[in-house]
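The values are calculated or read from the model by the stated rules, or taken from the named source; none is laboratory data. The shown structure was predicted, so the numbers you read here are calculated from the model rather than taken from an experiment. Cβ placement follows ideal geometry from the backbone for every residue including glycine, while neighbour counts extend to all protein chains displayed.
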Amino acid sequence: MNKLLAFGLVLVAALTASCGGSSDNSLLDPSGGTTETSVDSIRLYTSSPQLPSDSTGVDRLTLTALVLDINGTTLENIPVTFSKPLTDPGFINVLVPLSGPSGAQAEFSNGIGTPQNRTVLLTATALTTGGSSVSAQVSVDIIGTDIVITGPEALALNDTGDYIAVLTDSKGIGVGGQLLTVDSALSNTVAATNLTTDPTGKIDYQVTATQVGLDTLTVGGLGVSKDKPLNVSNDTFAFVTPAADAEILLGTTADEAVTINWTIAGVPQVGKQINFTSTRGALSSVQGPAAIVPVTTVITDASGNATLYIGSTNSGTALLSATIDENGTTTTRNIEFISVSPDTLNLQAGKFTVPVNEQTEIVATVRDVDFNFVKNQIINFVLVNDITGGFLSPASATTGSDGKAAIFYTAGSDSGPTNGVEIRAEVVSNTTVNDTVQLTVASKELDLVIGTGNDIFEPTTASFAQEWNIFVTDAVGNAVQNKDVQVAIRSMEYIKGQLVVLTGATSWAKVAPISICADEDANRNGILDIALGEDLVNSSGQIEAGNVALVAPVPDTAPATDPCATAGASGVSAQATTNAQGIARVCVFWPQDHSWWVNVQIEAQAGVSGSEFSAQQVFELPALAVDINTTTVAPPNRVSPYGIPTIAGDCSEPPPGLPLP
């Protein structure tokens, strides 16, 4: 559905100002005199008096300024400046800088990341030829940021209530990282660990009722101030049992008594209705071992007590809440349901490869047969195998509410074999509940970077060579000297096509049709495995592309002017050793007629104590620039050794002269 959106213009009273002494605000005539009309006033309109406060800055309003003479006639081509307070984070985007029948125009937006409620005073100023000016202003309200407060509205004297405040923008999205203020009109005690909103816009705080009466709790921030009433009564309304933060064993029945007592000036409140809730477990009117009888409302007895029972089959914290039905006074108590029957232990490490002399956390997680976390279990940790000189600290730990007990393993100064360190953890109360984890102590990790330059050498009339370097550094960026690096090169793709010199061109270039085909030696064993389907595409009877390029080590003393001249024995792999700068040197060799027609991958590997680190780069075998830029002589790679495809992308045709008989 198409919708037509019409903006009503809000007219703001124009302000007229004259500056510059004797100026008459006349406009200069192009012929040298002055016109009969002069600027008298400016009027500023806005398409909306409000903007939403979301932090995206997408919403905007339009400002329109009309420049008038003394008769109220609009004047044209008068420069108009739009402005805002320098401290305001909003944006002004000028659309039409000169006045006319439709006015000068600009857009104003709230700004990105500034969801603050506020009033912004926007100004339009018209400049005249005599050095004077007229201006008008309009106020725009940035609105929509809000604070929502949840928590009890009634507390008994000396009781503490838990509160949550959430700060949101005009789209209802939480605003994080903002400092809020929390105040009590009666000076009841406000406490909070952190009043800066989390990523969801939330803060948690507590209020302890120390002053009797009707109080107002106020939360403010980003131009918003929200109130929540609080009635502090002279009552004594508190939990008798369970104790604060009590640990209650899991069970299928409600065995734990929950009792609340209500008195006023020491007088028990008899026959009053108390409403109970719990965020975990089941509330029952009868105590175990009988089956649970659900209940949430209890009437106070002659002592002012209201009692029910609670139980849970799953572990974790719970918030008990009791509320006086007739006046809403609420009190809460935190408890925790725990399991003490370990069934399984899972042992994990923060990292399974530990550099020498470094640490990793070792964490044991204990659960019961129902997969609940098991708390308060002492776990012993033992090094079963370790030849590196490492150690554990401490030797034991106790599981918490999350069933976890954690210690640290510190590796020794020597590296060891893969999985050479074995750590065992067991529950002291039941040593059959245990697990092990294996670690590898390795020397510092290596970082390999492989690269080349743009120089190509011609060792023979039919081959090219290019130097490649491998840079090896340790985990902190220091060059690693005397490190053996294994370098391998293999073909990835071969290309069918030809080079031509296009009309007006100064170099040879590939032209359509072109086919890029995968190397046929899929398992990289140098054999055409017909049984594995490696020859299904073109049935040539040989491997395309195969081992086209070779690699050879280069001595560290080889001159930069011709490094490949002193290279060692070449093959599909070679070993080079890093120098004092952590650089290993190799040269890549290939036939000249294969330039631009084969994509190869060069890979470098170096190991430390059983761990391998590598770097790769895929590149097209380059051609010599002078060959490509000499258009009067055909380059050695004018036609691909793999032929010219009849159809672009087709790899089914064998190279020229194939298949072999």
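Would you call Thr331 surrounded by fewer than 20 Cβ atoms within 10 Å (Cβ to Cβ) and either in a strand (DSSP E or B) or in contact with a His (Cβ under 7 Å, 6 or more places away or on another chain) (or both)?
Considered against the rule, which asks whether it is surrounded by fewer than 20 Cβ atoms within 10 Å (Cβ to Cβ) and either in a strand (DSSP E or B) or in contact with a His (Cβ under 7 Å, 6 or more places away or on another chain) (or both), Thr331 comes out as no.
Phe237: crowded, with 16+ Cβ neighbours inside 10 Å, in a strand (DSSP E or B) and under 45 Å from the mean Cα position of the chain (by Cα), yes or no?
When the stated conditions are applied, Phe237 does not pass them.
Output the residues belonging to region 148-180 that are in a strand (DSSP E or B), surrounded by fewer than 19 Cβ atoms within 10 Å (Cβ to Cβ) and of a type in the set (Val, Ile, Thr).
Once the filter is applied, which keeps residues that are in a strand (DSSP E or B), surrounded by fewer than 19 Cβ atoms within 10 Å (Cβ to Cβ) and of a type in the set (Val, Ile, Thr), region 148-180 yields Val148, Ile149, Thr150, Thr160, Ile164.
Do the conditions hold for Ala124, that is, is it farther than 30 Å from Thr330 by Cα, part of a strand (DSSP E or B) and touching a Phe, Trp or Tyr at 6+ places or on another chain (Cβ under 6 Å)?
So Ala124 passes the test.
With Leu27, Leu51 as the choices, which residue is of a type in the set (A, V, I, L, M), at pLDDT below 50 and not in a loop (DSSP other than H, G, I, E, B)?
Answer to the check: Leu27.
Quick check on my filter: what residues within region 313-326 are within 13 Å of Ile274 (Cβ to Cβ) and surrounded by 15 or more Cβ atoms within 10 Å (Cβ to Cβ)?
Answer for region 313-326, where residues must be within 13 Å of Ile274 (Cβ to Cβ) and surrounded by 15 or more Cβ atoms within 10 Å (Cβ to Cβ): Leu320, Ser321, Ala322, Thr323, Ile324.
Listed residues Gly103, Gly161; which is small (Gly, Ala, Ser), under 30 Å from Leu214 (Cβ atoms) and modelled with pLDDT under 95?
The conditions single out Gly161.
Any idea how many residues of region 618-661 are part of a loop (DSSP other than H, G, I, E, B), in contact with a Gly (Cβ under 9 Å, 6 or more places away or on another chain) and at pLDDT 90 or above?
Residues that pass the stated criteria total 5.
Here are some residues: Ala604, Ala584, Ala615, Ala574. Which one is in a strand (DSSP E or B) and touching a Pro at 6+ places or on another chain (Cβ under 6 Å)?
After ruling out the rest, the residue left standing is Ala574.
Quick check: anything in region 480-490 closer than 23 Å to Ala648 by Cα and of a type outside the set (A, V, I, L, M, F, W, C)?
Within region 480-490, none of the residues are closer than 23 Å to Ala648 by Cα and of a type outside the set (A, V, I, L, M, F, W, C).
Filter region 342-369 for residues that are of a type in the set (Asp, Glu), out of contact with any Phe, Trp or Tyr (no Cβ under 9 Å at 6 or more places or on another chain) and within 12 Å of Gly403 (Cβ to Cβ) and give the result.
Listed by number, the list holds a single entry, Asp368.
Run Asp455 past the list (1) within 26 Å of Leu550 (Cα to Cα); (2) among the acidic types (Asp, Glu); (3) in contact (Cβ under 8 Å) with a residue 24 or more places away in the chain and report the number of the one that doesn't hold.
Result: Asp455 fails condition (3) only.
To keep it simple, each residue is scored yes or no on (1) acidic (Asp, Glu); (2) surrounded by 16 or more Cβ atoms within 10 Å (Cβ to Cβ); (3) more than 30 Å from Ile310 (Cβ to Cβ).
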{"position": "Ser339", "(1), (2), (3)": "no, yes, no"}
{"position": "Gly350", "(1), (2), (3)": "no, no, yes"}
{"position": "Pro355", "(1), (2), (3)": "no, yes, yes"}
{"position": "Gln359", "(1), (2), (3)": "no, no, yes"}
{"position": "Val363", "(1), (2), (3)": "no, yes, yes"}
{"position": "Phe373", "(1), (2), (3)": "no, yes, no"}
{"position": "Ile387", "(1), (2), (3)": "no, no, yes"}
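Which pairs have Cβ atoms under 6 Å, sit 6 or more apart or on different chains, and link a residue in region 560-572 that is assigned by TED's automatic domain parsing to the domain that holds Gln466 to one that is surrounded by 13 or more Cβ atoms within 10 Å (Cβ to Cβ) and acidic (Asp, Glu)?
Close Cβ pairs satisfying both conditions: Pro563/Glu467.
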